[in-house]
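Engineer: One structure follows; several queries about it will come next.
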């Protein structure tokens, strides 16, 4: 469980940055080189490479180097795991809020 928790934290950390979210959105359309991915952003390639490193450590992207070109592709599994975790959390909180609603309704019905 600690590995899953740590990995989930990496996914949320990666997605917390708008630049990295845009990269993930772009990679859903298909693989791209670092140069292609960096083009829309006003930043130096070394800075952009740091964003890609965060995405790789989170497991959301994988890269492959062919000659001088490094190509990145989207890996959906970590995003699905994050979505599953959020779904479980949502179910827990909906159940708790339903219990609270029943309790408040009961108090209201018992009031003179």
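Here, each number is a calculation from the coordinates, and none is a lab measurement. All of these numbers come straight from a predicted model, not from anything done at the bench. Don't worry about glycine lacking a Cβ; one is built from the backbone with ideal geometry, like all the others, and counts go over all protein chains shown.
Engineer: When the helix-only estimate is applied to the chain (DSSP H runs of n ≥ 4, each -39,500 (n - 2.57), divided by the residue count), what is the mean residue ellipticity at 222 nm, nearest 500 deg cm²/dmol?
Structural biologist: Values: 5 runs with 77 residues, N = 112.
That calculation yields -22500 deg cm²/dmol at 222 nm.
Engineer: Rule-of-thumb check for the chain: C-alpha Rg over 2.2 N^0.38 Å? Could you put the intermediate results ahead of the total?
Structural biologist: Numbers: Rg = 20.8 Å, N = 112, 2.2 N^0.38 = 13.2 Å.
Output field value: 1.58.
Engineer: Next question, about the same structure. On full extension of the chain, what length is gained from residue 80 through residue 47, given 0.36 nm per residue of separation minus the C-alpha to C-alpha distance?
Structural biologist: Numbers: separation 33, 0.36 × 33 = 11.88 nm, distance 2.76 nm.
Extending this stretch completely gives an extra 9.1 nm.
Engineer: In which sequence would 58, 47 go, from the one with the fewest C-beta neighbours within 10 Å to the one with the most? Mind dumping the intermediate values first?
Structural biologist: Numbers: 58 23, 47 11.
Fewest-to-most Cβ neighbours within 10 Å comes out as 47, 58.
Engineer: Return the Rg/Rh ratio of region 29-81 with Cα-based radii and a Kirkwood Rh.
Structural biologist: The Rg/Rh ratio comes out at 0.97.
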